[in-house]
Amino acid sequence: MSVRVRRIYEEPDADDGLRVLVDRLWPRGVAKEEAHVDEWPKGLTPSPELRTWFHGGGSYEEFRRRYEAELDAPEAAELLDGLRTSVREGRVTLLTASKTPERSHAQVLLERLGG
């Protein structure tokens, strides 16, 4: 099982395996044909309301708690199960535009996937 988080602004790596964009919005300044994104499951991303709340000054701990609750909803849980299957089959790289991936939703997903 192998899953990791990388910033989408980094050059694609031959070791990335399945490249999954985990942001709701397409990253500014990144051309779709150069990003080499294999999947973009928007249903796994934080809701617009939660994202706005967090970027408005909400604490990471509370954001994490609320986001984990969103991941338990049926659509997100199904998408997460699909990603777990992909992780069992090979390398998965979660891509985010976050400047601090270790304190973002991508980290929560990484941990949920066993990374």
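The values are calculated or read from the model by the stated rules, or taken from the named source; none is laboratory data. Bear in mind the structure is a predicted one, so any value in this text is a computation, not a measurement. Quick reminder, even Gly has a Cβ in these numbers, built from the backbone with ideal geometry, and neighbours come from all protein chains shown. When the accessible area is computed, the model is the full protein with side chains, heavy atoms only, and any ligands, DNA or RNA have been set aside. Shrake-Rupley method; radii C 1.70, N 1.55, O 1.52, S 1.80 Å.
A few comments on the model shown:
- For residue 49, the stated conditions do not hold, so it cannot be described as closer than 22 Å to residue 2 by Cα, open to solvent by 60 Å² or more (accessible area, probe 1.4 Å), of a type in the set (D, E, K, R) and at pLDDT 95 or above.
- Selection within segment 67-115 - part of a helix (DSSP H, G or I), closer than 17 Å to residue 51 by Cβ and of a type outside the set (A, V, I, L, M): 67, 68, 70, 75, 101, 103, 105, 107
- Filter result (modelled with pLDDT of 95 or more and of a type in the set (S, T, N, Q)) within segment 1-40: none
- Residue match in segment 86-93 (condition: touching a Lys or Arg at 6+ places or on another chain (Cβ under 9 Å), modelled with pLDDT under 95 and not basic (Lys, Arg)): no
- Of note, residue 15 satisfies the criterion of being loosely packed, with under 13 Cβ neighbours inside 10 Å and assigned to a loop (DSSP other than H, G, I, E, B).
- Filtering segment 54-71 to residues that are open to solvent by 80 Å² or more (accessible area, probe 1.4 Å) and at pLDDT 95 or above leaves 61, 65, 66.
- Within segment 65-82, residues that are within 15 Å of residue 42 (Cβ to Cβ) and of a type in the set (Phe, Trp, Tyr) reach partners that are assigned to a helix (DSSP H, G or I) and modelled with pLDDT of 95 or more with beta carbons closer than 6 Å, at six or more positions or on different chains, in the pairs 67/105; 67/108.
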